[in-house]
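The values are calculated or read from the model by the stated rules, or taken from the named source; none is laboratory data. All figures in this text were calculated on a predicted structure; none of them were measured in a lab. Heads up, the Cβs are rebuilt from the backbone with ideal geometry, glycines too, and the neighbour counts pull from every protein chain shown. All accessible areas refer to the heavy atoms of the entire protein, side chains included, with ligands and DNA or RNA removed. Shrake-Rupley method; radii C 1.70, N 1.55, O 1.52, S 1.80 Å.
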Amino acid sequence: MFKSLKRNIKKIFRELLVYHHSSLEYRAKILTLIVSANGEMSECEKEKLIEIASEIYKNDADRAELLIDTVNEYHTKIITNNGLDFEHLIQLVQKETKEVKRYHKKIDMNMLMKLHACAEGEDEILFQKRILDFLRNLKDEVREGE
């Protein structure tokens with residue numbers, strides 16, 4: 001009960017209570033691009049998301065949990081059309097990557113490929129490949145501009 005309350009308070013006041021919340025949110029946006037490609041989050045993607053969050057925040061289980069919650073929050077907003085759509089998320093990622101140059105280092109293609117391995121069906125695989133290409137090109141573009 002207490003853990004759930006603590007989690008909800010952190011979610012609500014993420015900007016005030018979480019150290020480097022913008023970095024965590026940026027990572028969540030990138031992960032959301034992949035898991036929301038087909039509109040649904042599969043069990044495989046949920047498992048890989050937990051694995052990835054644990055890798056990113058090895059020594060901070062709360063922060064890993066918050067990353068997963070943030071991905072779920074963005075995903076829900078996209079599928080329910082609640083103030084965020086897929087195109088807007090792409091634009092946000094592009095804008096934030098160009099504004100905060102160090103963010104390009106957070107685009108970890110190996111981790112994103114773990115999520116891509118869960119893709120099923122030609123359309124989803126192709127769409128995710130396009131997203132991965134976009135992220136790779138964005139990363140390279142910002143890196144070259146440094």
- Task: State which residue pairs qualify: first residue closer than 13 Å to Gly145 by Cβ and inside the stretch 97-109, second residue assigned to a helix (DSSP H, G or I) and open to solvent by 30 Å² or more (accessible area, probe 1.4 Å) in any location, beta carbons under 7 Å apart, and separation of 6 or more residues or different chains.
- Result: Tyr103/Glu96; His104/Lys139; His104/Arg143
- Task: With respect to Gly83, determine if the residue is loosely packed, with under 14 Cβ neighbours inside 10 Å and more than 23 Å from His21 (Cβ to Cβ).
- Result: no
- Item | Positions within the stretch 58-72 being open to solvent by 30 Å² or more (accessible area, probe 1.4 Å) and either over 26 Å from Asp133 (Cβ atoms) or in contact with a His (Cβ under 7 Å, 6 or more places away or on another chain) (or both), in sequence order | Lys58, Asn59, Asp60, Ala61, Asp62, Arg63, Glu65
- Hey, can you tell me all the residues within the stretch 35-50 that are of a type outside the set (A, V, I, L, M, F, W, C) and surrounded by 14 or more Cβ atoms within 10 Å (Cβ to Cβ)? Ser36, Asn38, Ser42, Glu45, Lys46, Lys48
- Query: Quick one: is Ile78 open to solvent by 20 Å² or more (accessible area, probe 1.4 Å), among the β-branched types (Val, Ile, Thr), over 22 Å from Ile125 (Cβ atoms) and touching a helix residue (DSSP H, G or I) at 6+ places or on another chain (Cβ under 9 Å)?
  - Reply: no
- Task: Would you check if there is a residue in the stretch 45-52 being outside any helix (DSSP H, G or I) and closer than 19 Å to Met111 by Cα?
- Result: no
